[in-house]
Amino acid sequence: MTGDLPPIPILNLEAQHKRLRTEILSALEDVYDSMAYIQGRHVGVFEEQFAAAHGIAHAAGCSNGTTALSLALEAAGIGPGDEVITVAYTFIATAESILHLGATPIFVDIEPGTYNIDPDLVRQAITPRTKAIVPVHIYGTPCEMGALQDIAREHELLLVEDCAQAHLAKYDGKAVGTFGQVGSFSFYPGKNLGACGDAGLVVSEDDDTIIRVKKLLDHGRETKYLHDIVGYNRRMDAMQAAILGVKLRYLEEWTARRKENAAIYDSHLKPVGFQVIEPPANVVPVYHLYVIQVSNRDELAEALKANKIGFGVHYPIPLHLQPSLAQLGYERGALPVTEQVSDRVISLPMCAELTREQIDRVCDVVIKHGRP
Ligand SMILES: Cc1ncc(COP(=O)(O)O)c(C=O)c1O
């Protein structure tokens, strides 16, 4: 039925890496020849370039997006006994980072149009033990940062942003990661800006916070052998920094293509009734994923497979129903929007390299086999 039609991957990293092969190998050669493999100039240069591209004052590269969020939380002062309000509609790392500091994630439900944290429910979840709010800009759509800042100010709470999926995303013209004390990014290979391995980064407008992050991630060092806090080895690898430096030059272009592709998808799928991501007018979303809701996900998945079209489900089991977090005591029914959406979402191919013809092909299958 599909004849000789080529497959459409959910993410075409192969095309991206073919295009950048010469530039990336030359950057790697530079690191190799420099002998500066740990905390060398490549990491510093990338930190500066990433911060500049986002209009953020400071950045600290680290080993991955999970350690980035952990470092951000620890540097902000989250610790044992604290409650941290966040979402269950995210990747497990958001909760792991909170739990490993001895704090407790308190899950609240999401808004149905953006799948982001609902600020009204944040207000209702505040207790005397609440120390912070961790909004997750899911799929690259910024959360309602104005409302969250108001709540944080009123209740003297910290705001720590999980920007793992939101490189270059903006709220009211300002990059995400700058609305609270500190924010974290991931460069997992499939992210909008991805390393060839693990890498992450912490951003902050505040000098002291970023100094603390840089100390924590490098054994709590004041100088080479003077350690004034108990830290970790969570440094960014120089090879990854060099690769990310090359890719960063293309991030604006890739992000623009993602937005164009999302608009093409929307133009096909919205008019026939599919629920798509609905970003508010004051945000610039970056479409890490293009997600729709369907009532017959398994059936559509089979049809996509039969037509050689890649897809994913981000995420089928929300965190409050994960076995590893059962001790938190949530049951099905606790977060109705999160649960309903988790049962219905499907991620369609999305990346800069996707063509209009490919999107047309995906939409034909979705419209024929998917039910809104
Ligand atoms: C929302 C969110 N938070 C945190 C992470 C953790 O990042 P990493 O996989 O780089 O540790 C990811 C990505 O995997 C993510 O999507």
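Throughout, read-outs are computed from the coordinates displayed, never taken from laboratory work. From a predicted model like this one, the values you see are computed outputs, not experimental measurements. Every residue, glycine among them, receives a Cβ derived from its backbone with ideal geometry; neighbour counts consider all protein chains shown.
Quick look at the values:
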quantity	calculated
If the convex hull is drawn through the Cα atoms of region 251-369, its volume per residue in Å³	139
Considering only region 15-248, percent of DSSP beta bridges that pair antiparallel, nearest 5	55
Backbone HN-Hα couplings from phi across region 46-54 [Karplus 6.51/-1.76/1.60, Hz, Gly and Pro as x]	5, 4, 5, 5, 5, 4, 5, 4, 9
For the chain, size of Cβ-based charge dipole, Lys and Arg +1, Asp and Glu -1, in debye	660
Full-stretch length increase - Q327, E357 - with 0.36 nm per residue and alpha-carbon distance subtracted	6.0 nm
Highest average packing first - 139-147, 190-198, 357-365, Cβ atoms within 10 Å	139-147, 190-198, 357-365
Mean Cβ neighbour count within 10 Å, used as a protection proxy, ranking 172-183, 337-348 highest first	172-183, 337-348
Amide H contacts of V286 (H built 1.01 Å from N, under 5 Å, at least 5 apart or other chain)	T141
Filtered trypsin sites (Lys or Arg not before Pro), region 86-171: DSSP coil and at most 15 other beta carbons within 10 Å	R129
Kirkwood Rh, angstrom, the chain [1 / mean 1/r, Cα pairs]	21.2
Above-threshold pairs, the threshold being 30 Å between Cα atoms, out of K131/K215; K170/K368; K259/K368	K170/K368
Efficiency of FRET between R371 and D120 - r from beta-carbon atoms, R0 35 angstrom, step 0.05	0.70
Summed side-chain charge close to Q322 - residues other than Q322 whose Cβ falls under 13 Å, Lys, Arg +1, Asp, Glu -1	-2
